[in-house]
Amino acid sequence: MSKDPLGPLMAQCRERIEAVLDARLPPADASPERLHAAMRYAVLGSGKRVRPILAYAAAQAAGVAWERIDAAAAALELIHASSLVHDDLPALDDDDLRRGRPTCHKAFDDATALLAGDALQTLAFEVLAADEHNPPAARVRMVARLAQAAGAAGMLGGQALDLASEGQQLDLDALKDIHRHKTGALIRAAVAMAAIAAEESAQQMADAADNAQTPAQTPAQTAAMDHYAACIGLAFQIQDDLLDVEGDTAVIGKTSGADAAHHKATYPSLLGVEAAHAAAAELVTSALAALSDFGAGADPLRWIAGYIVHRDR
């Protein structure tokens, strides 16, 4: 095993998802040009791409070819990008810097950024619905799963809870609930959509052969991967909270100290920095334990768990 086994995989996944996103986004010179330019600005050329990389890694663990997960990976990143565009607007977090450059509303204007975020959301579902690499049943399930993860029961609900909590004294359970929705929901969806592709592929093959077939992934394995995703989703947010305290604006690509400025409850503010680091490490341990019955195909998921808590941006 190389010293940095995740590095080549992440580079490969990032190159792939950049190409997929570029092909799915509307051309910047097509009307309405300003809207399309803002959409492309918000999505392309930067970002960690954690959710698409997770989807590809989960697909590998489930024995699913990457072309079967391209649309899901793109849809996840489009939803994530839309949330960042909206988060940065003056009505919400009012940030000027994202991914090391001006936020979308600073590069364009508030109205264009609002419309670009909306358009990225709808494009995500269009991309999933039009995916020809998966049977219709898989596409319907993926659309439903992403809608649940992105909506009031998931990411947007978590963002609403986060806004309502500003200036409030929260306990640990309330903070976990916010972040399971705000950050964790899309991360769990990334892993879940790979499982959907595996299940529907196995079912399609069984139907074609008119016989029963062992699924590519058992229900127990699907549950284990969901537990893994839930753990690293929460660990990801804890590390984000820590980077807001310990990180360098030039490295993390956004303004450090923003959480404190908005009087937000965070893991460091609630537990202290040292205890927050320990909580993230404990979640990674639990995530890795959930993969104990998986073979080498799940190694990328194992590597990602370590990356989640050691990243510097």
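The values are calculated or read from the model by the stated rules, or taken from the named source; none is laboratory data. Predicted model, so just to flag it, every value in this text is computed and none were measured. In this analysis, Cβ positions are derived from the backbone assuming ideal geometry, glycine residues included, and neighbour counts consider all displayed protein chains. Note: accessible area is taken over every heavy atom of the protein model, side chains too, but ligands, DNA and RNA are not part of it. Shrake-Rupley method; radii C 1.70, N 1.55, O 1.52, S 1.80 Å.
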Checklist entry - Can you tell which of Leu243, Ala281, Leu92 lies farthest toward the positive end of the dipole of the chain, using +1 and -1 charges on the Cβ of basic and acidic side chains (Lys, Arg; Asp, Glu)? => result Ala281
Checklist entry - Charges only on Cβ, +1 for Lys and Arg, -1 for Asp and Glu: so what's the dipole of the chain about the Cα centre, in debye to the nearest 20? => result 440 debye
Checklist outcome for this item: Sorting Val273, Val43 on solvent-accessible surface, 1.4 Å probe, most exposed first, gives Val273, Val43
Checklist entry - Helix hunt in the chain: which complete DSSP H runs extend at least 27 Å axially by C-alpha with mean Kyte-Doolittle at least 0.5? => result 110-129, 184-209
Checklist outcome for this item: Taking protein heavy atoms only, a 1.4 Å probe, and rounding to whole percent, the accessible area of the chain owed to carbon and sulfur comes out at 54 percent
Next on the checklist: For Arg98, what residues show an amide H to amide H distance below 5 Å, using hydrogens built from the backbone and excluding near sequence neighbours?
Outcome noted: Thr103
Item to check | Cα gyration tensor category, rounded, prolate or oblate, for region 56-185 with a/c compared to 1.5 | outcome: oblate
Checklist entry - If ligands, DNA and RNA are left out, what is the accessible area of Asp96 with a 1.4 Å probe, given in Å² to the nearest 10? => result 90 Å²
Next on the checklist: Let me cross-check Arg14: its accessible surface, 1.4 Å probe, with only protein heavy atoms counted, in Å² to the nearest 10?
Outcome noted: 70 Å²
Checklist outcome for this item: Given backbone amide H placed at 1.01 Å from N, residues whose amide H is under 5 Å from that of Gly151, ignoring those fewer than 5 places away on the same chain, are Leu156
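So how strong a dipole does region 1-102 carry about its Cα centre when Lys and Arg Cβ are +1 and Asp and Glu Cβ are -1, to the nearest 20 debye?
Charge dipole of region 1-102: 360 debye, to the nearest 20.
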Item to check | Average projection area in nm² (convex hull over Cα atoms of the chain, one quarter of hull surface) | outcome: 15.9 nm²
Checklist entry - Using heavy-atom solvent-accessible surface (probe 1.4 Å) with all chains present, what is the largest-first order of Glu77, Glu126, Glu200, Glu18? => result Glu126, Glu18, Glu200, Glu77
Checklist entry - Any idea of the accessible area per residue across the chain, 1.4 Å probe, to the nearest Å²? => result 43 Å²
Checklist entry - Can you count the Lys pairs in the chain whose Cα atoms are under 16 Å apart, with each pair 8 or more apart or on different chains? => result 4
Item to check | Where the Cα pairs of region 125-189 fall when distances are cut into 5 Å bins, in % | outcome: 4, 19, 22, 17, 13, 10, 7, 5, 3, 1
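Using R₀ = 25 Å, calculate the FRET efficiency as 1/(1 + (r/R₀)^6) where r is the Cβ-Cβ separation of Gln169 and Val245; round to 0.05.
Calculated transfer efficiency: 0.85.
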